[in-house]
Amino acid sequence: MNEDSMTKTVLIADDEQDFRILAENFLKVYTEKVNVLVASNGRQALEILSTRKVDVLVTDIKMPEMDGIELLTHLSRKNLDIYVIVLTGFATKENLERLNQVGQYYYMAKPISMEHFGKKITSVLQDKSKVQENQFTVSNLL
C-alpha cells in the first residue's frame with residue numbers, strides 16, 4: 001500500500017466552531033496520518049461526503065440547516081461504508097429514538113473527554129485498516 005492509502009479521513013460536523021477547532025487540532029496531534037475535514041452543519045457535511053472518501057463521521061445532533069439525524073438518514077439511503085460517532089448535549093429520549101431508526105452509530109454525550117474521543121477515533125481507524133488489509137490479501141489470493 002502506498003502512503004496515501006494509509007491516510008484516513010475524519011469529518012467533523014458540528015455547528016460549534018470552538019469544538020470543531022479543538023477536535024481538529026486534537027486529532028491531528030493525537031493520531032498519525034489522519035486528514036480532518038470540518039463542516040458546520042449536515043448540509044455541508046453531505047457536500048463533502050459527495051466528493052471525498054471519509055472513514056469516520058463525527059456529527060452533532062442539533063445543527064442549523066440540516067441536523068445530524070437528517071444527515072444520518074441521507075447516509076443510510078446512500079449505504080456508505082462509514083463509521084459514525086454521534087455527539088450531543090441533547091440526549092433526549094426523542095433524539096435517541098430517532099437515532100435508532102436511522103441505523104448503527106456510536107454515541108457520546110457532550111461535554112466529551114478529548115482523550116476518550118481520541119482513543120475511539122484511533123480504534124475505529126485501526127479496525128478499518130485491518131479490514132482493508134484483509135480484503136486486500138483475500139483479493140490477491142483470488
Kindly evaluate residue 86 against the criterion of being under 27 Å from residue 6 (Cβ atoms), in contact (Cβ under 8 Å) with a residue 12 or more places away in the chain and either among the β-branched types (Val, Ile, Thr) or touching a Leu at 6+ places or on another chain (Cβ under 6 Å) (or both). yes
Can you list residue pairs whose Cβ atoms sit under 6 Å apart, with the first residue in segment 38-57 being without any contact (Cβ under 8 Å) to a residue 40 or more places away in the chain and surrounded by 20 or more Cβ atoms within 10 Å (Cβ to Cβ) and the second being among the aliphatic types (A, V, I, L, M) and assigned to a loop (DSSP other than H, G, I, E, B)? Count only pairs 6 or more apart in sequence or on different chains. 41/63; 41/66; 42/63; 42/66
If a residue counts only when it is of a type in the set (D, E, K, R), which helices (runs of 4 or more DSSP H) contained entirely in segment 1-76 have at least 3 such residues? 17-30
Residues (in contact with a Lys or Arg (Cβ under 6 Å, 6 or more places away or on another chain) and touching a residue at least 40 places away in the same chain (Cβ under 8 Å)) located in segment 7-26: 12, 14
Going by the conditions given, is residue 127 charged (D, E, K, R) and either modelled with pLDDT under 80 or in contact with a strand residue (DSSP E or B) (Cβ under 6 Å, 6 or more places away or on another chain) (or both)? no
For segment 100-122, enumerate the residues that are modelled with pLDDT of 85 or more, surrounded by 12 or more Cβ atoms within 10 Å (Cβ to Cβ) and assigned to a helix (DSSP H, G or I). 114, 117, 118, 119, 120, 121, 122
State which residue is surrounded by the fewest Cβ atoms within 10 Å (Cβ to Cβ) when the search covers only segment 6-23 and only residues that are closer than 22 Å to residue 127 by Cβ and not hydroxyl-bearing (Ser, Thr, Tyr). 6
Taking segment 28-37 as the search range and keeping residues that are modelled with pLDDT under 95 and crowded, with 17+ Cβ neighbours inside 10 Å, which one is nearest to residue 72 (Cα to Cα)? 34
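The values are calculated or read from the model by the stated rules, or taken from the named source; none is laboratory data. Computed from a predicted model, the values in this text were never measured in an experiment. Cβ sites come from the backbone with ideal geometry, for glycine too, and all protein chains shown count toward neighbours.
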